[in-house]
Amino acid sequence: MASDVDTAPLVGRADLLTAVRSALLDDVAPGHTAAVFLTGESGVGKTRLLREVGARLRDAGALVLTGSCLDIGDASPLHPLLQALRRFDAELTAAHARTSLAVRGLLQTFADETDGAGALLERVSRGLHLIAEGRPLVLVLDDLQWVDRSTRQLLLYLLAGLGDLQLSVLAAVRAESLQGAHPLRRVLTELRRLRSVRVLDLAPLDRPDTERLAAAVVGRPLAPEAAEQIWRRSGGNPFVVEELARDLRDGRDGLSDTLREIFLARVDALPQPAHAVVHAVAAGVEPVEHWLLARVVRQPEDELIEAVRAAVAHRLLVGADDGYRLRHRLVAEVLEHELLPAERAALHRRYAEALTAAPAELHQARLAHHWRLAGEPARALPAAVAAAEEAERLHGYAEAHRHWSVALQLADTPAGGPVAVDRATLLEHAAEAAHHCGEHARALALLEELVAADAGGSACARHIRRARYLAAAGRSAPAEAEYQKVLEAADCTPRERATAAAHLAELLLHLGRYADAGRRAREALRLAARVEGSTSEVVLASAALGFSEAYLEDPDAGLAVMREALETAERAGRPEDVACAYLHLAELLTGPLNVLEEGVVVARRGAERVAELGLGRTYETRLLAIATNGLFRVGQWAEAEKVVAAALRHRPSGADAVELLLARCRLSVGYGDIEAADRDLDSVATVLAGGGARHVIPLLTLRAGLSMWQGRHDLARQAVQRGLTESRSDDVGILAALVWHGLRAEAEAHASRTVAVDQTAVRRLREVAERVARKSEHAARPVRDVVDGFLALCAAEVSRLDGNDPELWARSVAEWDRRNHPYPAAYSRLRQAEALLARRSRSATAGKLLQQAYQVAQGLGAVPLTSEIRTLAGRARVRLEEHGAVGDAGAAAGPDGDELAVLTAREREVLAAVAEGLTNKEIGQRLFISERTIGVHVSHIFDKLQVRTRVQASAIYLRSRSA
Amino acid sequence: MTEPVWGPVHRDIVDLLADHPADVPAVVDHLTKLQDLLVRLPPLEESCPLADFNKLYLTITTSVLDGLYDDRFADPVFLSRLDVEFAARYFDALRLWTDSSPGCPKAWSCLFERMRGPDARPLPSAAAGVNAHINFDLPFALVTTFDSLESEPVDGTDQHRDYLEINNIFADKIPGLRRGYLDRWQLLIDMLNGDIDDWYQGELIEYTRDVAWRNAQKIWRCRHDPAAHECERARLDDNAALLGRLLLSPLGAFLQ
């Protein structure tokens, strides 16, 4: 910001500057992200620090984009980013034609249609990638307390690494704003726990720094009384210190203690034309462009410039390339009491008139704002509607909802004159936008108003809509009643009834009322059969029927229905229907039916098919997530890794991204790749900081598993405790896995003697395990199956705390073998062997168990499990066979004598690349996995082939190829 | 330099407050450590008015934690986040007080001021803390929690029922602490849960207990309007501070 007035030096912030710089640039590994949030009271110097750090990072070679959030409640989505890009574009010279083209391209993105908020995020991050041209990118955002929801989601998306950018965020937040019910509070609570995020509270200056700053402003050391006075009156707030010192230097009699009084005195001293300028800027939306100001104050150019100069000299206004701003928010508050309402309305009118003539940034939102405050609702209305439509185009439903609400208010203003827009249409849009941004109560209230207005339309359509809103708000009982009304009403069309029945079936399924769901689903299918073009209803109802049958123990019938639905969808040809049908079928197979291999095949075939149909971003990603999880469970980890990498190339967002990151993290935990797992967990936590509680328990379970491999049983315990206090007891499957992790942590603590066993924790975990067992007794077979496996593990872990009963481990082995999940089965075998050996009995059986577990663990590439098996075998003097035919899961064994038979498919791919002479980094890029993971693979390869160098490994590879 | 705010335990309290607990077990841990420090604060030590409140709050939060472990609530995700967010406001107030910031809510500072004396009776001291926490902090904690869960304060939901369940925990614990003063406590609780106006008007107990919830709904509606939101904040702070001062005045001692 180029102010005409000399700026005081930055005092007392040297350490902070260095710390922020290294947190945002020097300490950030390539490809990683980082963020610093500065909080502090007004005047403590946040904006100044942003500027200083920004300049330093720019000098160090980073690309710095700077924007600020606006405090008009009706801003537009992603405004700070747009502003930052426009500023950057304006700074670019002709020498940067390519960058400029990239910036324009990205700006164009905001004007184009995109299908969904996720697609917009992806395109924005691609655009930023082009602009950065390989440089680290830094996003500097001021006044983050006014951030819009879309920008907030974008920041979390980029910080989670989903945009595939090396990005740092530096943002300032006014501490006062966080005191109320600000949504950023929760976001910061969650983010501040991550290693890549720092929340720094900017404190006032201490006494010596206060004096130093004052002396620098005055130009000479201060007399002790003066110094004391400044310290006492400013409390170390640098802004106040600077102003007080300036008054002292200029011999002004400073009686004012607070910023408010300082500004009040300044405003009083201002010459008349400058007064008008300051009032005009205060009424505008910052930054106020020079041309716009000229039209609003209506002074001749020379006089205007003179007036602006005076306002700047009195330190009330700052000027920059893009326009004028008040020096401080308090100036606006001080000025507010000076103007008569009529004067203020006149200013707004002039703004509105000027903006009508010449479009500017945030055009519609500003027009609506000014016309409304000018007391011209009829003219504000079309602008508000246009702003709402613009926000919807950017999928910013929260902002759109606010614009629609303003439009409604305007339409209701009596002085409004004839209204060009139909009120019912406004209500319609407002309700839908409220529904989309999660304002359920408001959506329902608007719908009521629409009904009261008797705006026509069928009663059935309204019931369906109300049911949809209620279901989204989680109010199942009234939603069910609404659907019932549709089914019972005489005047509903067959189409409406089919829709209601299908959605009702889905709702009942989620409530666990499988028999009712099945009944409704059949009804829906019957109704849909008579209606042309009701494929979506058929798919939805078939899925509900398929799942309810699976839960009610007639899996084949359900599967047949779902397969038929897929055929129907393919025949009808609507891409979304085909995609949904694949999705439900794959979920059914890999979920309650536990037919994993087939489920994986269906998911992958579906992924290919929906990609052809142009739904790669959304449905392909979801199908690949299902495939990944299935592959993990059947023990084809190398394949799972490949699939998850392919899915992440779509740069998914939200829940889809979380699913995939968790899936990849599960693999990394299994591989023992701690850094990669940690990174994925932090990414998930970043996304979840923006909302979404459903994935917290799987996140905490993985965190616990990872901590145990690191020997941090205390951290594992903490993660499990948090999980136990935040999970619903009816999610028995998820809860059972968590409880197992908790008990395992205590058992490992007991075995390793590094951390004391927490008896209270053990008692609680056993109680929860018992509760889970009780609840699952009445659950459907598929649910019970999942739970039983984990409960078997729980019982065995408990015995590990006291005696370690090999029988319990044998039971767990049987459970997991039956379900065809080799990894937990191998773990159970290891523990069974351990228990047998501890009793010094049947060491032959123990040896066999270890051999089997070893074979599986090696085949999977499960490094930590393998090394535990080796350690135990070493202690028990069991010789582990490297080659063998037992329990071969996943590893495609070659013909006899093939030296590469011990390697997994993935390891062979890596070895082939090693033999080509590629570096780990290059291999990582080729195979879409991290360099670090390649390192892990390479060390496994060395281990298994018993070589020590890449050359030796390559030699074996080439030899076996030519054989 | 003047003496640090927390006297001999200043460093310990600053270090403790540097941490931001993010789950309920961590909140309990935090309150426990804080209690150990507060009772060492001269000159009042064991009878520090803030320690009186902190002890009560620790007891109640421990009950909430047990309730979470024992499957007592319908929506534990909501309740645990509310609990963390609720506690965070108390810790925030303590941090602001530590920094001698003018931003420290008045509702809290009237209790913090009494930390070094003169002595106040334990009952009104604890009550003043409960007052600040429920009448001022709770509505905002509710709004933040709903916002982060993408939900909203609607009467009759699971979340509303869980919220009322906390009231029961308060009611359970407080008579246990003050055996023999049940009637007065009952009066106090009813009074605390409402604005002074409501108390004077003798509104129904059910209603007054729900005032924080109603206030949350009010804030919810204006949460996107910074000016209206700030206005509501100032109103609740003033009301709570007024009642807090009353409780800590000699008049408050009648409760004992």
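Taken together, the values in this text are just the output of simple stated rules run on the coordinates, not laboratory data. Since the model is a prediction, treat every value here as computed from it, not as a measurement. Neighbour counts are summed over all protein chains in view; Cβ atoms, including those assigned to glycine, are modelled from backbone coordinates with ideal geometry.
Jot down the per residue volume, in cubic angstrom and as a whole number, of the convex hull over the alpha-carbon atoms of region A:120-246. Please report the intermediate quantities before stating the final value.
Details: hull volume 19.3 nm³, N = 127.
Given the Cα convex hull of region A:120-246, per-residue volume reads 152 Å³.
Quick one: 3J(HN,Hα) in Hz for region B:222-231, Karplus 6.51/-1.76/1.60 with θ = phi - 60°, rounded, Gly and Pro as x.
Values, residue by residue: 10, 5, 8, 10, x, 5, 5, 5, 5, 4 Hz.
Just for chain A, what percent of DSSP beta bridges are antiparallel, to the closest 5?
15
Contour minus end-to-end for A:Ala320 and A:Arg774, with contour as 0.36 nm per residue of separation and end-to-end as the Cα-Cα distance?
Answer, rounded to one decimal: 156.6 nm.
With θ taken as phi - 60° and the coefficients 6.51, -1.76 and 1.60, list the Karplus ³J(HN,Hα) couplings across region A:840-848 in order, rounded to whole Hz; mark glycine and proline as x.
Per residue, the Karplus-derived 3J(HN,Hα) values read 6, 10, 6, 6, 5, 4, 4, x, 5 Hz.
Report the Stokes-Einstein translational diffusion coefficient (µm² s⁻¹, integer) for region A:359-469, Rh taken as the Kirkwood radius over Cα pairs, at 25 °C with viscosity 0.890 mPa s.
It comes out at roughly 172 µm²/s.
Please list 3J(HN,Hα) in residue order for region A:460-473, calculated via the Karplus relation 6.51 cos²θ - 1.76 cosθ + 1.60 where θ = phi - 60°; whole Hz, with x for glycine and proline.
5, 4, 5, 4, 4, 5, 4, 4, 4, 5, 5, 5, 5, 7
For chain A, just give the cysteines left without a disulfide-compatible partner, judged by no other Cys Cβ under 4.7 Å.
Singleton cysteines: A:Cys69, A:Cys437, A:Cys580, A:Cys665, A:Cys794.
Hey, how many Å between the Cα centroid of region A:815-863 and the Cα centroid of region A:494-560?
Comparing the Cα centres of region A:815-863 and region A:494-560, I get a distance of 43 Å.
Relative contact order of chain A, please, whole-number percent, based on alpha carbon pairs below 8 angstrom and at least 6 residues apart.
7
For region A:14-203, count all C-alpha to C-alpha pairs, find those more than 27 Å apart, and express that count as a whole percent of the total.
23
Can you list residues whose amide H is under 5 Å from A:Asp201's amide H, if they're 5+ apart or on another chain and H is modeled 1.01 Å from N?
A:Thr39
Trypsin sites (Lys or Arg not before Pro) within region A:635-734: which are DSSP loop residues with at most 16 other Cβ atoms inside 10 Å?
Filter output for region A:635-734: A:Arg649, A:Arg694.
Would you please give the residues with an amide H less than 5 Å from that of A:Asn237, counting only those at least 5 places away or on a separate chain, with H modeled from the backbone geometry?
A:Leu205
Hey, got a sec? Which trypsin sites (Lys or Arg not before Pro) in region A:739-803 land in a DSSP loop and have at most 15 other Cβ atoms within 10 Å?
Those satisfying the criteria are A:Arg753.
Sticking to Cα atoms, compute the Rg of region A:360-421 to one decimal and its Dmax as the biggest Cα-Cα distance, whole number, in Å.
10.9, 32
Quick one: how many lysine pairs does the protein assembly as shown have with C-alpha atoms less than 23 Å apart and a gap of 8 or more or different chains? Give me the count, please.
Lysine pairs satisfying the spacing and distance rule in the protein assembly as shown number 9.
Put one equal scatterer on each alpha carbon of the protein assembly as shown, apply the Debye formula with no solvent term, and list log10 I(q)/I(0) at q = 0.05 1/Å to two decimals.
Cα-only, vacuum Debye calculation for the protein assembly as shown: -0.40.
What is the spin-label model distance, in nm, from A:Arg195 to B:Glu46 if the labels are put 7 Å beyond Cα along the C-beta direction?
4.7
Between the helical axis of A:863-876 and the dominant principal axis of chain A, each derived from Cα atoms, what acute angle in degrees is found, rounded to the nearest 10?
Its long axis makes an angle of about 40 degrees.
Report the full-extension gain for the segment A:Arg220 to A:Ala838: residue separation times 0.36 nm, less the Cα-Cα distance, to one decimal in nm. The partial results should precede the final answer.
Numbers: separation 618, 0.36 × 618 = 222.48 nm, distance 8.06 nm.
Contour length minus the Cα-Cα distance gives 214.4 nm.
Output the relative contact order of region A:470-629, whole-number percent, from Cα pairs under 8 angstrom with separation of 6+ residues.
15 percent.
Given the DSSP H assignment, sum -39500 (n - 2.57) over each helix run of at least 4 residues in chain A and divide by its residue total; what's the result at 222 nm in deg cm²/dmol, nearest 500?
The per-residue figure over chain A is -21500 deg cm²/dmol.
Using alpha carbons only, how many degrees (0 to 90, rounded to 10) separate the axis of helix A:732-752 from the longest principal axis of chain A?
Taking Cα atoms only, the helix is inclined about 80 degrees.
Would you mind computing, in nm to one decimal, how far apart the modelled labels at A:Asp898 and A:Arg135 are, each placed 7 Å from Cα along Cα→Cβ?
Rounded to a tenth, the inter-label distance reads 5.1 nm.
Non-local amide H neighbours of A:Gly31 (under 5 Å, H modeled in plane, Pro and chain starts lacking H): which ones?
Amide H neighbours of A:Gly31: A:Gln166.
How far is helix A:301-313 tilted, in degrees, relative to the longest principal axis of the Cα atoms in chain A, given as a value from 0 to 90 rounded to the nearest 10?
70
I'd like the mean, over residues of B:216-227, of how many other protein chain beta carbons sit within 10 Å of each residue's own Cβ.
Averaged over the peptide's residues, the number is 3.
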